[in-house]
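K.L.:
Let me begin by handing over the structure; questions about it come next.
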Amino acid sequence: MNFGKRDEILGRIREALRVPAPHPHRDANHDDASHLRQTEQTSREWLPTVPSDAGDRVNLFREKCTQLRTDFYVVNGTEQAMTALSALREKHGWTVVGAHHHPLIDPLVQALDLEALYVEERSGSKSLERCSVGITACDALIAQTGSILLTARSAGGRALSVLPPHHVVLATADQLLPDLPAAFELLFVKYGDNYPSFATFITGPSRTGDIERILVLGAHGPRDLTIILVGD
């Protein structure tokens, strides 16, 4: 091993770490808000257009979900949400539910009448491996791509959306955003300089086509993905 080269490389790394990285939203000629608006306008010039009508956006999101093999339900109120979850429980044979505490989630998980593991009350991810389903909230749904935007804060950490074989996302009607620029604007406005440790766009269930180009679901995460949009 060339220890001289190694010391040189490590020295460069130490030197680089002494200089603070620039803020990702800072620009010498723009404030944060104006720079964000300019970026959004440029992005929308080449991204697919999205209907302005709320109902049409729901239909577009449903169309994308069908293409992605994501189950999508629109319900009115928590009672219909409970009916939908109960049907899913029977269909998939859930035995243990993983969840995080949330005003929308708590009463629905309790009504399922199954063993429930809450991430706030369990340490580590081993216990979540027992769960048949992980139920989470999210930051937003994206009509343009059929995606879910969630972060470690909105989804109770990282493991719930990855470890159980079935991921169920509960969202409200006002969380359906038109496009990706709107999603990034939401993150900027909601979290500012205090970003969560984890943020992701989930577009359909986990899949891979690496082996002989054959699509396999559930390769790196949940095999089943269900979104329940709860209206008033």
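The values are calculated or read from the model by the stated rules, or taken from the named source; none is laboratory data. The structure presented is a predicted model; accordingly, all values stated were derived computationally and were not measured. We place every Cβ from the backbone using ideal geometry, glycine too, and count neighbours over all the protein chains shown. The area values use the complete protein model at the heavy-atom level, side chains included, leaving out ligands, DNA and RNA. Shrake-Rupley method; radii C 1.70, N 1.55, O 1.52, S 1.80 Å.
K.L.:
From the residues in segment 148-178 that are part of a helix (DSSP H, G or I) and more than 20 Å from ASN59 (Cα to Cα), which one is most open to solvent (accessible area, probe 1.4 Å)?
P.N.:
Among those that are part of a helix (DSSP H, G or I) and more than 20 Å from ASN59 (Cα to Cα), it is ALA159.
K.L.:
While we're on this one: Quick check on my filter: what residues within segment 146-163 are of a type outside the set (A, V, I, L, M) and more than 14 Å from PRO196 (Cβ to Cβ)?
P.N.:
Those that are of a type outside the set (A, V, I, L, M) and more than 14 Å from PRO196 (Cβ to Cβ): GLY146, SER147.
K.L.:
Please tell me if LEU225 is at pLDDT 90 or above and assigned to a strand (DSSP E or B).
P.N.:
yes
K.L.:
(1) open to solvent by 50 Å² or more (accessible area, probe 1.4 Å); (2) over 25 Å from ALA84 (Cα atoms); (3) in contact (Cβ under 8 Å) with a residue 60 or more places away in the chain: which one isn't true of PHE188, the others all being true?
P.N.:
(1)
K.L.:
Among the candidates PRO164, PRO181, single out the residue that is modelled with pLDDT under 95, touching a helix residue (DSSP H, G or I) at 6+ places or on another chain (Cβ under 8 Å) and closer than 21 Å to ALA84 by Cβ.
P.N.:
Selected residue: PRO164, the only one of PRO164, PRO181 that is modelled with pLDDT under 95, touching a helix residue (DSSP H, G or I) at 6+ places or on another chain (Cβ under 8 Å) and closer than 21 Å to ALA84 by Cβ.
K.L.:
Okay, moving on. Quick check, is ALA87 loosely packed, with under 13 Cβ neighbours inside 10 Å, out of contact with any Ser or Thr (no Cβ under 6 Å at 6 or more places or on another chain), aliphatic (A, V, I, L, M) and outside any strand (DSSP E or B)?
P.N.:
Answer is yes for this residue.
K.L.:
Continuing with the same structure: Considering ALA111, ALA99, which residue is buried (at least 22 other Cβ atoms within 10 Å of the Cβ) and modelled with pLDDT of 95 or more?
P.N.:
None of the other options fit; the residue is ALA99.
K.L.:
I've got another one for you. If TYR73 satisfies every condition in (1) out of contact with any helix residue (DSSP H, G or I) (no Cβ under 6 Å at 6 or more places or on another chain); (2) modelled with pLDDT of 95 or more but one, which is the exception?
P.N.:
Condition not satisfied by TYR73: (1).
K.L.:
Do any helices (runs of 4 or more DSSP H) entirely within segment 1-69 hold 1 or more residues that are among the hydroxyl-bearing types (Ser, Thr, Tyr), at pLDDT below 75 and in contact with a Phe, Trp or Tyr (Cβ under 9 Å, 6 or more places away or on another chain), and if so, which?
P.N.:
Hits in segment 1-69: 32-44.
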